[in-house]
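Trainee: So that we are looking at the same thing, I have put the structure below in C-alpha cells.
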Amino acid sequence: MKTREQLIDELIDLSFAEDVGDGDHTTLSTIPENETGKQQLIIKEEGILAGVDIARKVFEKFDPSLKMTVFINDGEHVKPGDVAFVVEGKVRSLLQTERTMLNIMQRMSGIATTTARYQDKLKGLKTKVLDTRKTTPGMRLLEKDAVKIGGGMNHRIGLFDMILIKDNHVDFAGGIPQAVSAARKYLQENGKDLKIEVEVRNTDEINQALECNVDRIMLDNFTPERTREAVKLINGRAEIESSGGITIDTLRDYAEAGVDFISVGALTHSVKGLDMSFKAC
C-alpha cells in the first residue's frame, strides 16, 4: 500500500503531466531562461485558507530553487485583498506551476470554507460533521485534509480503514447478523483491527445492529423525529451517525436529536472553489 506522501507526489506529477506536457511553449518562447521575479497569492473571496502546505510541495517539486514566504497559514480566516504568500525565483517556473497550485488551493479552500460553515451551525453541540468518499478521483487525501482544516472530521479515507456494512452488503449477505459475523471472521483471519459500522433503515435493523454490538450505527435517510426515537433506543450503546439528504438548513435539527456525527457528501462532491489569483508583484 502506498504512503500518503507517495500518493500526493503522484498527484502533483500527474497534474504537471496533464498541464505542462512537453513544455509550456508560451512561457518558454516569451520569457528568458534566467529571468527572475516574484508572484503573490491574492485572496479575492472571504473564507478559510487551505492548501498552503501542498502549494509548497508543488513549487519545491517543480523547482527546488523557488523561495516561498508564507504570511497566512492553513486554517486561517481570509478576506479579499489578503496576500497569503509570495514566491520568488525563475519566472518560467512561477508561470508553469501557477495553475496546478491554484487548482489545488482553490479546491481545498472551498472545501475548508464549506466545512466551517456546516460545523458553525453545530455550535454548542457535541455533533461533528463528517466527510464521505464522494471526492474527486486522485484528490481524496487533499480534500479530506481540507475538511479537517475547516473543522470537520474524516469518516474513513477509503474502503480499507473501516468496515462499513451498507444496505447492499446487508441484502447480499442475507441480513445484518450474517454480514457482521462474516466481517468479524474476516478481520480475525486477516489480523486486522477495524471498527464496524452498520447502516440501518428501520427500527428492526437498529435492534439487530445493537444485538451484534457494532461500534457505530448509521441512520440512513431518517427524519429528525425518527432520529430522536433512534437515539433513545440506542441509548449510548453505539456511536450514532446520521446520513442521507441532510442539508445545511436541516443539519442542526439532526444534531439536536443527539447524534454523534452527521456525514455530508456536499462538503466535497459539489463545492465551489474559493476565488484567488497568483499575480506578479
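Trainee: Under a Cβ-only charge scheme (Lys and Arg +1, Asp and Glu -1), can you give me the dipole magnitude of the chain about the Cα centre, in debye to the nearest 20?
Mentor: With only Lys, Arg, Asp and Glu charged at Cβ, the dipole is about 440 debye.
Trainee: Most mobile of I31, I248, I157 per a Gaussian network model of the chain (Cα springs, under 10 Å)?
Mentor: Result for the chain, Cα springs under 10 Å: I31 fluctuates most.
Trainee: Next up: Please identify the helices of the chain, taking whole runs of DSSP H, that span at least 24 Å along their own axis as judged from the Cα atoms and have a mean Kyte-Doolittle score of -0.5 or higher.
Mentor: 91-120
Trainee: Counting other Cβ atoms within 10 Å, which GluC sites (Glu not before Pro) in segment 26-67 have at most 13 and lie in a DSSP loop?
Mentor: In loop regions of segment 26-67 (DSSP not H, G, I, E or B), the sparsely surrounded GluC sites (Glu not before Pro) are E33, E35, E46.
Trainee: So, one more: Which far-off residues, 5 or more places away or on another chain, put their amide H under 5 Å from the one on F85, with H placed in the peptide plane?
Mentor: Excluding prolines and chain starts, which carry no amide H, the hits are L41, F71.
Trainee: Given N235, N207, G151, which one lies farthest toward the positive end of the charge dipole of segment 102-236, if we put +1 on the Cβ of every Lys and Arg and -1 on the Cβ of every Asp and Glu?
Mentor: Projecting each Cα onto the dipole axis, the largest value belongs to G151.
Trainee: While we're on this one: If amide H atoms are built 1.01 Å from N in the plane of the peptide, which residues on other chains or at least 5 residues away come under 5 Å of the amide H of I240?
Mentor: Result for I240 returns I217, D260, F261.
Trainee: To the nearest 10 Å², what's R252's accessible area with a 1.4 Å probe?
Mentor: Roughly 80 Å² of R252 is accessible to a 1.4 Å probe.
Trainee: I've got another one for you. In nm, to one decimal, how far is the N103 label point from the T26 one, both placed 7 Å along Cα→Cβ?
Mentor: If labels sit at N103 and T26, their model points lie 1.5 nm apart.
Trainee: To the nearest 0.05, how large is the calculated FRET efficiency for K126 and R56 if R₀ is 30 Å and r is the Cβ-Cβ distance?
Mentor: Calculated transfer efficiency: 0.30.
Trainee: Please give the contour-minus-distance gain from D204 to S65: 0.36 nm per residue of separation, less the Cα-Cα distance, rounded to one decimal in nm.
Mentor: Result: 43.8 nm gained on full extension.
Trainee: Show me the ranking of peptides 84-90, 104-110, 162-168 by mean Cβ neighbours inside 10 Å, starting with the highest.
Mentor: Going by the mean number of other Cβ atoms within 10 Å, highest first, we get 104-110, 84-90, 162-168.
Trainee: Convert each backbone phi in segment 193-199 into a coupling constant with the Karplus relation 6.51 cos²θ - 1.76 cosθ + 1.60 (shift: θ = phi - 60°), then list the ³J(HN,Hα) values in order as whole Hz, x for Gly and Pro.
Mentor: Residue by residue, segment 193-199 yields 10, 10, 5, 10, 10, 10, 7 Hz.
Trainee: Nearest 20 debye, what's the magnitude of the dipole of segment 208-265 about its Cα centre given +1 on Lys and Arg Cβ and -1 on Asp and Glu Cβ?
Mentor: My answer is approximately 100 debye.
The values are calculated or read from the model by the stated rules, or taken from the named source; none is laboratory data. Computed from a prediction, not measured in an experiment: that's the story for all the values here. Note that each Cβ is placed from the backbone with ideal geometry, even for glycine, and that neighbours are counted across all protein chains shown. Keep in mind that these areas ignore ligands, DNA and RNA; they rest on the heavy atoms of the full protein, side chains included. Shrake-Rupley method; radii C 1.70, N 1.55, O 1.52, S 1.80 Å.
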